[in-house]
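The values are calculated or read from the model by the stated rules, or taken from the named source; none is laboratory data. Remember, predicted model here, so these are calculated numbers, not experimental data. For neighbour counting, all protein chains shown are included, and Cβ atoms are generated from backbone atoms with ideal geometry for every residue, glycine included.
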Amino acid sequence: MKIINKAQAGSFESSDILVMVEPSDAKGRNIEFSSTVGIQYGESILAEIHSVLDEMNVEDVQMIVNDKGALVPTIRARVETAITRGRGEQKGTLA
């Protein structure tokens, strides 16, 4: 399914992650990623994000992800929520 709206989930608070998505005309996943724990966990955080995108059948998306040390369940929940909002399936921030 396609992303049709700009949407976001999460916050800039400690132990959280802010995920913003928007439609992309380009093919593929463009993820701008920053994290306070990126040196230690950046690869595993990105792998988790890609795992959620795979599960939700998202191929073409523009994402901005700003992590402040979120745990895996929080990462998954924020990505799922942002995608659901971006598809117009749920109302929320920016939708």
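Just name the residue that is farthest from residue 79 (Cα to Cα) out of those in segment 16-37 that are at pLDDT below 95 and small (Gly, Ala, Ser). Step by step, filter segment 16-37, then rank; the result is 26. Among the residues of this structure, residue 85 counts as one that is in a helix (DSSP H, G or I) and either among the hydroxyl-bearing types (Ser, Thr, Tyr) or closer than 13 Å to residue 1 by Cα (or both). In segment 2-21, the residues that are without any contact (Cβ under 8 Å) to a residue 60 or more places away in the chain reach residues that are of a type in the set (A, V, I, L, M, F, W, C) and buried (at least 21 other Cβ atoms within 10 Å of the Cβ) with C-beta atoms within less than 9 angstrom, at least six apart or across chains, in these pairs: 11/17; 15/70. Being under 14 Å from residue 16 (Cα atoms), out of contact with any strand residue (DSSP E or B) (no Cβ under 8 Å at 6 or more places or on another chain) and among the aliphatic types (A, V, I, L, M) is a condition met by no residue of segment 58-68. Would you confirm whether any residue within segment 42-65 is within 23 Å of residue 88 (Cβ to Cβ), among the acidic types (Asp, Glu) and touching a helix residue (DSSP H, G or I) at 6+ places or on another chain (Cβ under 9 Å)? Yes, some residue in segment 42-65 is within 23 Å of residue 88 (Cβ to Cβ), among the acidic types (Asp, Glu) and touching a helix residue (DSSP H, G or I) at 6+ places or on another chain (Cβ under 9 Å). For segment 39-85, residues that are among the small types (Gly, Ala, Ser) and at pLDDT below 95 total 0.
On inspection, residue 47 fails the criterion of being touching a residue at least 60 places away in the same chain (Cβ under 8 Å) and more than 16 Å from residue 5 (Cβ to Cβ).
Okay, residues lined up against (1) of a type outside the set (Ser, Thr, Tyr); (2) more than 9 Å from the chain's Cα centre (by Cα); (3) surrounded by 13 or more Cβ atoms within 10 Å (Cβ to Cβ); (4) not in a helix (DSSP H, G or I):
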{"residue": "5", "(1), (2), (3), (4)": "yes, yes, yes, yes"}
{"residue": "15", "(1), (2), (3), (4)": "no, yes, no, yes"}
{"residue": "27", "(1), (2), (3), (4)": "yes, yes, no, yes"}
{"residue": "33", "(1), (2), (3), (4)": "yes, yes, yes, yes"}
{"residue": "42", "(1), (2), (3), (4)": "yes, yes, yes, no"}
{"residue": "74", "(1), (2), (3), (4)": "no, yes, yes, no"}
{"residue": "79", "(1), (2), (3), (4)": "yes, no, yes, no"}
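Return only the number of the condition from (1) touching an Asp or Glu at 6+ places or on another chain (Cβ under 8 Å); (2) free of Cβ contacts under 8 Å to residues at least 60 places away in the same chain; (3) at positive phi that residue 29 does not satisfy. Failing condition for residue 29: (3). In a residue-by-residue description of segment 54-63, the property of being surrounded by 18 or more Cβ atoms within 10 Å (Cβ to Cβ), assigned to a helix (DSSP H, G or I) and either over 14 Å from the mean Cα position of the chain (by Cα) or without any contact (Cβ under 8 Å) to a residue 40 or more places away in the chain (or both) applies to no position.
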